[in-house]
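The values are calculated or read from the model by the stated rules, or taken from the named source; none is laboratory data. Computed from a prediction, not measured in an experiment: that's the story for all the values here. Backbone-built Cβ (ideal geometry, glycine too); neighbour counts: all protein chains shown.
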Amino acid sequence: MQRLKAKRLTQKEAGEMLKLSTRQIKRLFRKYKRQGAQGLVSKRRGKESNNRLDAQIIQQATDLIYERYRDFGPTLAHEKLVEVHGLKLSDESVRRLMIAEGIWKPKKAKKTPAFQMRERRACLGELVQIDGSEHAWFEERGPKSTLLVYIDDATGQLMELWFVKHESFFAYGEASRHYFERYGKPVAFYSDKHSIFRNNNEQFLSLGEGLTQFGRAMQELEIQIICANTPQAKGRIERANQTLQDRLVKELRLRGISDMESANAFLAEFREDFNRRFAVQPRSSHDAHRPLLKSENLDIILTHQKKGTLSKNLTVQSNKVIYQIQSERPDYTLRNAQVMLCENAQGEVTIFYKDTPLAYTIYHKPSRQGEVVDSKTLDHQLKLPKPPPAPNHPWRTYGRRISGKLIPDATPHGSD
């Protein structure tokens, strides 16, 4: 202002130096000429901001955060305060409030190794990433479970969510059925190298053979399966799992949901709200999903299928069970015939010969060999109840001999 008064500086130059408009410089210069340096002091100094939050709103937000949202992040806590309780404040105000109260600690961004960015696919349904996330979804209110997640690569939409006890072919089959009936068939699924999606046996890999049951089912539906080499390659669904482990857990808690059946009924509502907040527009408006054909019977395709050959006695064995075929035709017409055994999730078996189901009876063969269990399902298998010993098992005849007579023990041998 002194340089302007001495005419050593133009108003335009002063505005450029102070990053103000020429009109604002004129106002300041008029005040300076009337009141001197005191005229340049803001009249708002020492007064509260017009945009200051009301103390009652701050107190109400603080009480609600301590009462219900103490372990929520600022963004999610802000959504609940605005949508559920109708408070009018910004997410940054909630963040500052939680930091001031010591509830939230700001984190420094970690230095992560750089990975080559992969551009999103252009169309909805062109590539769908799938994965299972085992987590304490119900916290201490219920047992651990696995959430199957299907997310579209082009839009980031959650296409399917489904709670199951553990990852298995039948679990993915059920979730995929929901997906197909809602949207149709995608072009490809993008997964990890779990044994459900890919046969990791080196012998089969070298021959290029050995489809898994899920791979065989998707091949029949003309859906390609692509397996990622690293977790970073399918980072979109890995980040989605982290978000779900935060948001979904808290939503289940707020609604008092503590079992898979109730949670699965709620997932459609959650999925719709999630997509409204986070989904993006694809580069192309084309929907790459294809409708299911009338010839594609999901009840048969999504079963565990195994080929077998009928013996001379018209029997076929699978999973330690012998099936005796019942036929009115002469036995020689079906001897050495190739059949397909299809087992559904309920354990019901249908035997097909040239797409025609055959009647049969079951003969159970005693099992003597240990089963091969996948490492991811080991905990689940250990929790299964063990069958009791047979009525004629030697364990039931243990006892003591008194005067040459066998006296059975009241308790099982060795239980004391």
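Some values worked out for this structure:
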{"item": "Test: residue in region 15-36 that is part of a loop (DSSP other than H, G, I, E, B) and more than 30 Å from Ser93 (Cα to Cα)", "result": "yes"}
{"item": "Matching residues, region 38-73, being closer than 28 Å to Glu251 by Cβ and part of a loop (DSSP other than H, G, I, E, B)", "result": "Leu53, Tyr69, Arg70, Asp71, Phe72, Gly73"}
{"item": "Test: residue in region 290-307 that is modelled with pLDDT of 85 or more, loosely packed, with under 15 Cβ neighbours inside 10 Å and among the basic types (Lys, Arg)", "result": "yes"}
{"item": "Hey, Ser191 surrounded by 14 or more Cβ atoms within 10 Å (Cβ to Cβ), modelled with pLDDT of 95 or more and not assigned by TED's automatic domain parsing to the domain that holds Thr75 or not", "result": "no"}
{"item": "Breaking point among (1) at pLDDT below 95; (2) assigned by TED's automatic domain parsing to the domain that holds Gly184, for Ala109", "result": "(2)"}
{"item": "Complete set of residues in region 117-170 that are closer than 18 Å to Ile196 by Cβ and among the small types (Gly, Ala, Ser)", "result": "Gly132, Ser133, Ser145, Ser168"}
{"item": "Number of the exception - Val321 against (1) at pLDDT 90 or above; (2) surrounded by fewer than 16 Cβ atoms within 10 Å (Cβ to Cβ)", "result": "(1)"}
{"item": "Test: Ala122 is among the hydrophobic types (A, V, I, L, M, F, W, C) and surrounded by fewer than 17 Cβ atoms within 10 Å (Cβ to Cβ)", "result": "yes"}
{"item": "Among the candidates Lys47, Lys43, Lys5, residue that is surrounded by 11 or more Cβ atoms within 10 Å (Cβ to Cβ) and either within 25 Å of Gly102 (Cα to Cα) or not acidic (Asp, Glu) (or both)", "result": "Lys5"}
{"item": "Residue in region 152-159 that is touching a residue at least 24 places away in the same chain (Cβ under 8 Å), crowded, with 17+ Cβ neighbours inside 10 Å and among the charged types (D, E, K, R) present", "result": "yes"}
{"item": "One residue from Leu28, Leu64 being in contact (Cβ under 8 Å) with a residue 24 or more places away in the chain and among the aliphatic types (A, V, I, L, M)", "result": "Leu28"}
{"item": "Tabulated pairs, region 254-279, first farther than 17 Å from Thr146 by Cβ, second crowded, with 16+ Cβ neighbours inside 10 Å and among the β-branched types (Val, Ile, Thr), C-beta under 9 angstrom, 6+ apart or interchain", "result": "Ala265/Ile257; Asn275/Thr155; Ala279/Thr155"}
{"item": "Whichever residue in region 304-356 is basic (Lys, Arg) and under 35 Å from the mean Cα position of the chain (by Cα) and, among such residues, is farthest from Met218 (Cα to Cα)", "result": "Lys320"}
